[in-house]
Amino acid sequence: MFRNQTKFLVISQIKHRQYCTSLPASAKMAKAIVSDLVQIFRSSVSAVQPDKLIKNTIKYDGTTDQLTIAGDTYNLLNKNVYLVGAGKAVQKMAREVEYLLGDKIKHGIISIPAGSKSDIVINKYLRYSEGAKNNLPDKCAEATAIKIKKLASSLTANDLLLVLISGGGSALMPLPKEPITLDEKTDLVKKLANAGADIVELNTVRKRLSELKGGQLAIRAQPADVVTLILSDIVGDPLDLIASGPTVENTDNPGTAIDIIKKFSLFDQLPLSVKTVLNESNELVEFPRSKVKNHIIGSNTISIREAMTEAEKLGYMPIDLSNQVAGNIIDVAKGYVKLAEVFCEVIAGTLHKAEFKATIESLNIPGISTEFIDNDEVMSCLKSKDVCLVLGGEITVEVKGSGKGGRNQQLSLEFSDILHTVKEKFRDFDVYLLSAGTDGIDGPTDAAGAIGYLDLVSDSKDENIDVNDHLDNSDSYNFYKKFREGDLHVITGHTNTNVMDIHLLVIKRKK
Ligand SMILES: Nc1ncnc2c1ncn2[C@@H]1O[C@H](COP(=O)(O)OP(=O)(O)OP(=O)(O)O)[C@@H](O)[C@H]1O
Ligand SMILES: O=C(O)[C@H](O)CO
């Protein structure tokens, strides 16, 4: 569960009660939906708490010294176990491995986000190092990466290296190939991200420029056995890209990274060091396939399943639409507005099934499923219950101004802005969107995300806050901080896990 969760709950409950006593009925209803959305999101995050996932994957029998990981058994009788890790969720993963293996772990280094370290000491040979403030690689994270490289390079055939990986691992284990400096590499990755490069593109470039990514940690650990446990934060769970795949064979064509940099017109301005490394041919080291195992232990799918269960408990008709949402923020926001529109039409009985299906399929929302349309029970529930569409994934945003924000806060704001332009279509309905990152940190902000809704634009005018000023300056964070006293900001702090973003779209017929 979240750090400070009790405090968070108490504060939101007090705030909720204060509002509820003074608000008109429609506003009370709105407060109730906001509170439901936050609760559904919180449940989806707690389902992917790393300790639970590790417990499900690893078993250790101290009497026989047998370690079982995802069905494979390792005899630890004459083996030394080492543990390394990097990512937003690995502290809790590592703690659980410590509880299970105790002093069997000879030594370990775990790279975790700045400001997230707990004081517990279980195994004194295991070090937790903080770094990568605001998810940006820094000298602390680089120093930790150097230690991890050194540890891996010292292993023998009697050793087992357990590697824990989760989203944020790329920034937490940065080690540029010489002669590239950390600043040069960070600058390029930042420019690519701000130009709208997606995580596949970013990590393809990172793998090419780094000493540990793209399978090189596993190569350096030879001749030891390497077993990696991965919490996925990328659509489709591609092993080689999650945290830039430090223990996964890199089969990319060496020219692909250059093509990506050129696509965003950044090649000509690259420093000589980066050009030099990009033009080097790959070292001909064979990847030790038989010695390395990678296992995904958790992903967005688990969060979505839990969100469905919680939404149902709260009385909604939940519909699991996609766990692969990706693409440009504007396209996704427009797609979600259209989605809300067709659901309202179907609920109102003005749209036939076939057209409903065809429109949803035409929205280009990756992975979208329309199977529910063939389920008569679901279709009849649409008319009697409030609907909660559940989606997950990770979209891209082009940062346009000097403001502060993240893709989730920006999505909720863009969505509300577009919704406003077709507001008359929703006369009989309320529509809400919660978009939030399961890691609790959306972009370089302290918010996980935010909630948008049908009347947000008009309500913000009443408060003299201009939505478009904030959208144009990529300043969604400051919008939500001011608007309704921050009531629609979803703020949880670091959640110690990370399985991409959750989008919850609620459609409610007005009574
Ligand atoms: N002002 C802003 N408004 C909107 N989005 C922004 C803003 N500043 C940065 N971003 C976006 O935030 C993204 C980085 O966010 P974040 O650090 O949460 O990444 P992440 O992909 O969730 O991290 P990880 O992949 O490590 O889990 C970048 O893609 C960038 O485009
Ligand atoms: O760390 C990273 O590379 C991203 O979170 C994707 O896994």
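Overview of values
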| quantity | calculated |
| --- | --- |
| Single match in TYR99, TYR60 (criterion: at pLDDT 95 or above and hydroxyl-bearing (Ser, Thr, Tyr)) | TYR60 |
| Options SER118, SER129, SER153, SER111; residue that is hydroxyl-bearing (Ser, Thr, Tyr), assigned by TED's automatic domain parsing to the domain that holds VAL81 and surrounded by 21 or more Cβ atoms within 10 Å (Cβ to Cβ) | SER111 |
| Which listed residue, of ILE465, ILE451, is outside any helix (DSSP H, G or I) and either free of Cβ contacts under 8 Å to residues at least 24 places away in the same chain or outside the structural domain of THR497 (by TED's automatic domain parsing) (or both) | ILE465 |
| Subset of segment 34-64 [assigned to a loop (DSSP other than H, G, I, E, B) and either surrounded by 20 or more Cβ atoms within 10 Å (Cβ to Cβ) or touching a helix residue (DSSP H, G or I) at 6+ places or on another chain (Cβ under 8 Å) (or both)] | ALA47, VAL48, GLN49 |
| Qualifying residues in segment 173-190 (those that are more than 18 Å from ARG220 (Cα to Cα) and surrounded by 16 or more Cβ atoms within 10 Å (Cβ to Cβ)) - the one nearest to ligand 1 (Cβ to nearest atom) | VAL189 |
| Condition met for LEU413 (within 16 Å of ligand 1 (Cβ to nearest atom) and out of contact with any Ser or Thr (no Cβ under 8 Å at 6 or more places or on another chain)) | no |
| Among residues of segment 397-435, those that are within 16 Å of ligand 2 (Cβ to nearest atom) and either under 21 Å from SER35 (Cβ atoms) or of a type in the set (Phe, Trp, Tyr) (or both), counted | 1 |
| Residues that are in a loop (DSSP other than H, G, I, E, B) and of a type outside the set (S, T, N, Q), drawn from segment 190-224 | ALA195, GLY196, ALA197, ASP198, GLU211, LEU212, LYS213, GLY214, GLY215, ALA221, PRO223, ALA224 |
| Test: SER458 is small (Gly, Ala, Ser), in contact with a His (Cβ under 8 Å, 6 or more places away or on another chain) and in the same structural domain as ILE33 (by TED's automatic domain parsing) | yes |
| Of residues in segment 191-214 being touching a residue at least 60 places away in the same chain (Cβ under 8 Å) and surrounded by 24 or more Cβ atoms within 10 Å (Cβ to Cβ), the one nearest to ligand 1 (Cβ to nearest atom) | LEU212 |
| Yes/no for VAL422 being at pLDDT 95 or above and crowded, with 24+ Cβ neighbours inside 10 Å | no |
| Members of segment 251-262 that are of a type outside the set (Val, Ile, Thr), in contact with a Leu (Cβ under 9 Å, 6 or more places away or on another chain) and in a helix (DSSP H, G or I) | ALA257 |
| Matching residues, segment 325-363, being among the polar types (S, T, N, Q) and surrounded by fewer than 17 Cβ atoms within 10 Å (Cβ to Cβ) | ASN328, THR350, SER362 |
| Which numbered condition ASP417 misses (of (1) of a type in the set (D, E, K, R); (2) closer than 25 Å to VAL467 by Cα; (3) surrounded by fewer than 16 Cβ atoms within 10 Å (Cβ to Cβ)) | (3) |
| Segment 190-223 - residue that is in contact with a Ser or Thr (Cβ under 6 Å, 6 or more places away or on another chain) and away from ligand 2 (no atom under 12 Å from the Cβ) and, of those, modelled with the lowest pLDDT | GLY196 |
| Complete set of residues in segment 468-511 that are over 18 Å from the mean Cα position of the chain (by Cα), in a loop (DSSP other than H, G, I, E, B) and either polar (S, T, N, Q) or within 16 Å of ligand 2 (Cβ to nearest atom) (or both) | ASN473, SER474 |
| Qualifying positions in segment 168-189 - of a type outside the set (Val, Ile, Thr), within 14 Å of ligand 2 (Cβ to nearest atom) and in a helix (DSSP H, G or I) | GLY169, SER170, ALA171, LEU172, LYS185 |
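Let's see how each residue does on (1) surrounded by 24 or more Cβ atoms within 10 Å (Cβ to Cβ); (2) in contact (Cβ under 8 Å) with a residue 24 or more places away in the chain:
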| position | (1), (2) |
| --- | --- |
| ASP225 | no, yes |
| ASP233 | yes, yes |
| LEU241 | yes, yes |
| GLY245 | yes, yes |
| ASP252 | no, yes |
| ASP259 | no, no |
| LEU266 | no, yes |
| LEU272 | no, no |
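The values are calculated or read from the model by the stated rules, or taken from the named source; none is laboratory data. Being a predicted model, the structure only gives us computed values, none of them experimental. Neighbour counts run over all protein chains shown; Cβ positions are idealised from the backbone, glycine included.
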